[in-house]
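Below is one structure, written out as structure tokens; the observations come after it.
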Amino acid sequence: LFKPVSRCYTMKSGHRGALLHGCHPVLVVVALSVIQSLNRDLQYVQEYRPENGDIKHLRILLYGPVGGGKSSFINSVSTVMRGRTTIPAATLDVCVFQYKTHQIRKGRGNPKTFYPFVFNDMMGLEEGSDSGVRADDIKLAMKGHVIEDHKFNPACPLSDEDPGYNQTPSPDDRVHVLVCVISANSSEIKEPILQKMSSIRETARDLGIPQMAIVTNIDTACGEIEKDLKNVYKSKHLRKKMKDFSSAVGIPMNCICPVKNYSDELEIDDDVDSLILSALRLMIHFGDDFIEDM
């Protein structure tokens, strides 16, 4: 049913398949279903190519409150796609103050090749007007006006006279899907941050840029999910958290994906991969629909 992919999950290889021997047939069927879904999503991402000839990379912009897990999500996508733990995106150093484009490398070897989608990461949103990334800078980034490595200044927004301003953005420079990243561990979002997010979302809406969200740290926010990640869609606590977030920011529930970022794992995990790939596929779906009309 599926074309061969460079990496696939099987019942015979990998740590999880070995645990299924002697299990109840129903559990085996469920596990097979998860593996088939993983392979389907993995193949889709691996084979994706933008149909618009002016677009080399589908650009995904991550934004949200501080501590949401934006850089960790990029690292996790790289881990899933390469089949091993990787650290491509800075999480704690000065790079988070810069406008960085993160490519996801395909396997090993030279020359290096990359998938035709990229992530842009930036500072998180904060309450004060002189701390965190400014909403106006995110709006400029969506339009493609922020050059690579531009260092954001929380006290002063980027202007068209600054060297970090791209005067003539190409379709490839523009953002094709906007993704809000929030931690399930976070407390209620403060009103000043909600106002910034609302302003950003209005600009994205006016530009026609599709929007979605991912909720991270779902395992540490809910005990039953921490015990078994498969409980993610059974957790009443997480569902309420997602509903509250949906109501607060105006993103529909079917555009919010729960994920667990890789953090202290030494090996890849099917259940973690499944959630990350599902979110990534939705991002590509939304972004591809947008660039088809550009």
Scan segment 199-231 for residues that are at pLDDT 95 or above and in contact with a Cys (Cβ under 9 Å, 6 or more places away or on another chain) and jot them down.
200, 201, 210, 211, 212, 213, 214, 215
Of the residues in segment 160-198 that are assigned to a loop (DSSP other than H, G, I, E, B), hydroxyl-bearing (Ser, Thr, Tyr) and modelled with pLDDT of 95 or more, the one that is surrounded by the most Cβ atoms within 10 Å (Cβ to Cβ) is 170
Test: residue 269 is within 15 Å of residue 78 (Cα to Cα), open to solvent by less than 10 Å² (accessible area, probe 1.4 Å) and charged (D, E, K, R)
no
Answer with yes or no whether residue 249 is open to solvent by less than 10 Å² (accessible area, probe 1.4 Å), among the aliphatic types (A, V, I, L, M) and out of contact with any His (no Cβ under 7 Å at 6 or more places or on another chain).
no
Meets criteria (among the acidic types (Asp, Glu), open to solvent by less than 40 Å² (accessible area, probe 1.4 Å) and in contact with a strand residue (DSSP E or B) (Cβ under 7 Å, 6 or more places away or on another chain)) for residue 288
yes
Return the residues of segment 199-239 that are more than 28 Å from residue 35 (Cα to Cα) and assigned to a helix (DSSP H, G or I); say none if nothing qualifies.
199, 200, 201, 202, 203, 204, 205, 206, 207
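The values are calculated or read from the model by the stated rules, or taken from the named source; none is laboratory data. Predicted, not measured: the structure shown is a model, and the values here were computed from it. Don't worry about glycine lacking a Cβ; one is built from the backbone with ideal geometry, like all the others, and counts go over all protein chains shown. Each accessible area value is taken on the protein alone, full model and side chains, heavy atoms only, with ligands, DNA and RNA left out. Shrake-Rupley method; radii C 1.70, N 1.55, O 1.52, S 1.80 Å.
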